[in-house]
Amino acid sequence: SGGETVAQAKATLDALKAQNKKVYFMSNNSSRGPDVFRQVFESHGLGEHVKDERFMWNSVTAAQRWFKGRKTKKAYVVGCAALKDAIRGAGVTVVEPWKQMGATPEKLAEEAIDPAIDAVVLAFDKDYGYFEICYATRCLLENNAELVATNRDFQFPAQKNRKLPGNGAFVAAVCAASRREPDVVVDS
């Protein structure tokens, strides 16, 4: 989460830089874009090591790179704004249906889904719920859309050494409902 500075991180990175070594920073965290990661590094005095975005890789950048050059036209994306922007940047239209909180299953079954959606992208989203599972499942079953997951981590470490549900828990729900596995997992 970026809460603590790793001991000797700056000295190690400075030494590698002095030796002209390339250092890549990778994370499978799909809830933040590269700008937020850069801010975390800067807050720990490490900003000079992440000026070049080519050396930063997370699920957001992985998804964008994966979609570039593919024939995907429209995607239903569950995840942060940075992920949606990255996928748009790859030339894919991101469909954002009106979220119907508390809608009954009957109501959700009556609603039309966009028949042109040919990919469903599942990333961590703290507001994930029944609507997202229904819409994603219907896109997979009715459109035979491709299923893309940013990672399958069932848990992630939180403050006070606690474990909380991760993206893998959401992916598992959609996989169970659609009775299929992801076509690709684009974690870093």
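The values are calculated or read from the model by the stated rules, or taken from the named source; none is laboratory data. None of these values were measured; they are calculated from a predicted model. Here the Cβ is made from the backbone with ideal geometry for all residues, glycine too, and neighbour counts use every protein chain on show. Heads up: the accessible areas ignore ligands, DNA and RNA and are worked out on the full protein's heavy atoms, side chains in. Shrake-Rupley method; radii C 1.70, N 1.55, O 1.52, S 1.80 Å.
When only residues in region 106-137 that are more than 13 Å from A75 (Cβ to Cβ) and aliphatic (A, V, I, L, M) count, which is most open to solvent (accessible area, probe 1.4 Å)?
A112
Look through V174, V77 and report the one residue that is β-branched (V, I, T), closer than 24 Å to N29 by Cα, touching a helix residue (DSSP H, G or I) at 6+ places or on another chain (Cβ under 7 Å) and in a helix (DSSP H, G or I).
V174
Looking for whichever is more than 15 Å from the chain's Cα centre (by Cα) and in contact (Cβ under 8 Å) with a residue 24 or more places away in the chain here; the options are K107, K163, K74, K126. Which one fits?
K74 is the lone residue from the list that is more than 15 Å from the chain's Cα centre (by Cα) and in contact (Cβ under 8 Å) with a residue 24 or more places away in the chain.
Are any of the residues in region 138-145 open to solvent by 60 Å² or more (accessible area, probe 1.4 Å), on the phi < 0 side of the Ramachandran plot and either in a loop (DSSP other than H, G, I, E, B) or in contact with a Leu (Cβ under 9 Å, 6 or more places away or on another chain) (or both)?
Checked region 138-145: no residue is open to solvent by 60 Å² or more (accessible area, probe 1.4 Å), on the phi < 0 side of the Ramachandran plot and either in a loop (DSSP other than H, G, I, E, B) or in contact with a Leu (Cβ under 9 Å, 6 or more places away or on another chain) (or both).
Any idea which of T104, T93 is β-branched (V, I, T), farther than 29 Å from M26 by Cβ and out of contact with any His (no Cβ under 6 Å at 6 or more places or on another chain)?
Step by step, each of T104, T93 is checked, and only T104 is β-branched (V, I, T), farther than 29 Å from M26 by Cβ and out of contact with any His (no Cβ under 6 Å at 6 or more places or on another chain).
Being assigned to a helix (DSSP H, G or I), among the basic types (K, R) and within 16 Å of T137 (Cα to Cα) is the filter here, so list the residues in region 80-113 that pass it.
Across region 80-113, the qualifying residue is only K107.
Considering region 117-129 alone, what residues qualify as being in contact with a helix residue (DSSP H, G or I) (Cβ under 8 Å, 6 or more places away or on another chain) and either part of a loop (DSSP other than H, G, I, E, B) or more than 16 Å from T93 (Cα to Cα) (or both)?
Once the filter is applied, which keeps residues that are in contact with a helix residue (DSSP H, G or I) (Cβ under 8 Å, 6 or more places away or on another chain) and either part of a loop (DSSP other than H, G, I, E, B) or more than 16 Å from T93 (Cα to Cα) (or both), region 117-129 yields I117, D118, A123, F124, D125, Y128.
Among the residues of region 149-158 satisfying the criterion of being buried (at least 18 other Cβ atoms within 10 Å of the Cβ) and either out of contact with any helix residue (DSSP H, G or I) (no Cβ under 7 Å at 6 or more places or on another chain) or of a type in the set (G, A, S) (or both), which is nearest to K68 (Cα to Cα)?
A149
State the number of residues belonging to region 51-94 that are modelled with pLDDT of 80 or more, in contact with a Lys or Arg (Cβ under 8 Å, 6 or more places away or on another chain) and farther than 23 Å from V174 by Cα.
The number of residues fulfilling the criteria is 2.
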